[in-house]
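Undergrad: Below is the structure I would like to discuss, written out as structure tokens.
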Amino acid sequence: MRIALGEGSHGSNLSGNYPSIRLTSAWKSTPHGTSFNFLSEEAPINGGLGRAPDANSYISAGIGFCFMTQFGRFVKMLNLDLADYRIVQDSHFSLGGASGGTGKAGQADPLETHVYLETGESDDVAREMLDISEQTCFLHAFCKTDLKTKLKIHRI
């Protein structure tokens with residue numbers, strides 16, 4: 001799966017292995033902030049109809065947007081020169097368990113993220129922008145962490 005993410009002065013866009021789909025979100029005042037609804041459906045090869053992005057596409061987009069948010073915040077906090085920044089992120093996931101018909105846990109390859117910067121800063125400062133952004137992106141940290149599933153069943 002290849003997900004391309006980009007952000008510019010007019011917002012963000014997402015394109016992937018799906019026909020163009022308009023995602024809309026409605027602002028709703030709640031005690032805990034804004035809420036969003038997303039539609040998701042597996043591709044026909046995986047038993048769905050492919051009418052909306054699958055869950056892995058949303059996961060990939062979330063990781064990319066988290067990284068870009070941290071990048072933008074770091075640059076703004078230090079008032080660095082960054083006219084434009086974009087990423088192309090490749091992510092690969094397998095279906096696991098019953099969905100994949102394997103009986104095994106799903107697997108994911110390491111993320112491959114390409115960052116494109118337009119800046120007047122030095123190469124060392126640009127590298128620092130990249131390093132700090134990756135270190136502060138909690139979803140990148142999550143992807144680097146080995147997780148073990150613990151399941152407890154309580155009969156009532």
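Undergrad: Looking at region 46-66 only, could you name the residues that are within 17 Å of Gly97 (Cβ to Cβ) and over 8 Å from the mean Cα position of the chain (by Cα)?
TA: Asn46, Gly47, Gly48, Asp54, Ala55, Asn56
Undergrad: Residue by residue through region 75-126, note down the ones that are part of a loop (DSSP other than H, G, I, E, B) and touching a residue at least 40 places away in the same chain (Cβ under 8 Å).
TA: Correct list: Leu80, Asp81, Leu82, Ser91, His92, Leu95, Ala105, Leu111, Glu121.
Undergrad: Among the residues of region 98-145, write down those that are closer than 24 Å to Asn56 by Cβ and over 18 Å from the mean Cα position of the chain (by Cα).
TA: Matches in region 98-145: Ala98, Ser99, Gly100, Gly101, Thr102, Gly103, Lys104, Ala105.
Undergrad: Enumerate the pairs (first residue in region 40-56 and of a type in the set (Ser, Thr, Tyr); second residue anywhere and outside any loop (DSSP other than H, G, I, E, B)) with beta-carbon separation below 6 Å, excluding pairs fewer than 6 apart on the same chain, so at least 6 apart or on different chains.
TA: Ser40/Ala55
Undergrad: Of all residues in region 58-97, which are open to solvent by less than 20 Å² (accessible area, probe 1.4 Å), under 18 Å from Ala108 (Cα atoms) and touching a strand residue (DSSP E or B) at 6+ places or on another chain (Cβ under 6 Å)?
TA: Ser60, Ala61, Gly64, Gln89
Undergrad: For region 48-57, give me each residue that is open to solvent by less than 30 Å² (accessible area, probe 1.4 Å) and not polar (S, T, N, Q).
TA: Those that are open to solvent by less than 30 Å² (accessible area, probe 1.4 Å) and not polar (S, T, N, Q): Gly48, Gly50, Ala52, Pro53, Asp54.
Undergrad: So, in region 101-156, of the ones that are touching a Phe, Trp or Tyr at 6+ places or on another chain (Cβ under 7 Å) and among the small types (Gly, Ala, Ser), which residue ends up modelled with the lowest pLDDT?
TA: Out of the qualifying residues, it is Gly106.
The values are calculated or read from the model by the stated rules, or taken from the named source; none is laboratory data. This is a predicted model, so every value here is computed, not measured. For neighbour counting, all protein chains shown are included, and Cβ atoms are generated from backbone atoms with ideal geometry for every residue, glycine included. In case anyone asks, the SASA skips ligands and DNA or RNA and just uses the protein heavy atoms, side chains included. Shrake-Rupley method; radii C 1.70, N 1.55, O 1.52, S 1.80 Å.
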